[in-house]
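Some notes on the structure that comes next.
Just so it is clear, none of the values below were taken in a lab; they were calculated from the coordinates. The model shown is predicted, which means the values in this text are computed figures rather than measured ones. Methodologically, a virtual Cβ is constructed for each residue, glycine included, from the backbone with ideal geometry; neighbour enumeration extends over all protein chains shown.
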Amino acid sequence: METRVFRALAAAGFDDFTPAQARVMQRIGPNGTRLTELAEAAQVTKQTASFLVDQLERTGYVRRLPDPSDARARLVCIAERGIAAQPVAEAAVAEVEGEWRAHLGERQWAQLRQALTRLREITDPYQ
């Protein structure tokens with residue numbers, strides 16, 4: 001699925017985006033997320049998260065804004081380019097999931113989704 005998503009992104013002009021950056025970007029909340037929280041959620045060091053966010057900011061996918069709840073902190077927020085890329089990625093995911101659903105049938109598809117959702121509790125507990 002990841003390969004298909006990145007192919008679709010590249011075809012739509014979002015060819016300056018890496019899987020490592022996606023790992024961080026996928027964990028940005030709708031109202032922004034602090035860098036330390038992103039690092040923890042992506043299970044990377046704060047330095048790595050900072051490096052990836054710097055890259056994403058330079059290419060226009062994210063921006064840093066003051067945290068309204070703490071003047072000393074900043075939030076990482078999805079920027080215009082990131083917002084524009086989201087429907088492309090979502091469409092690619094939906095296409096792959098449709099193929100899987102057609103191949104497995106409704107019952108097995110539902111079982112797969114349920115199992116993957118449960119496994120996420122241990123593979124990505126911060127989500």
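Quick notes on this one:
- Gyration tensor (alpha-carbon) shape descriptor, the range 33-127, a/c threshold 1.5: prolate
- In this label model, residue 99 and residue 114 are separated by 2.6 nm, measuring between points 7 Å along each Cα→Cβ vector.
- Over the chain: helical MRE at 222 nm, DSSP H runs n ≥ 4 each giving -39500 (n - 2.57), nearest 500: -20500 deg cm²/dmol
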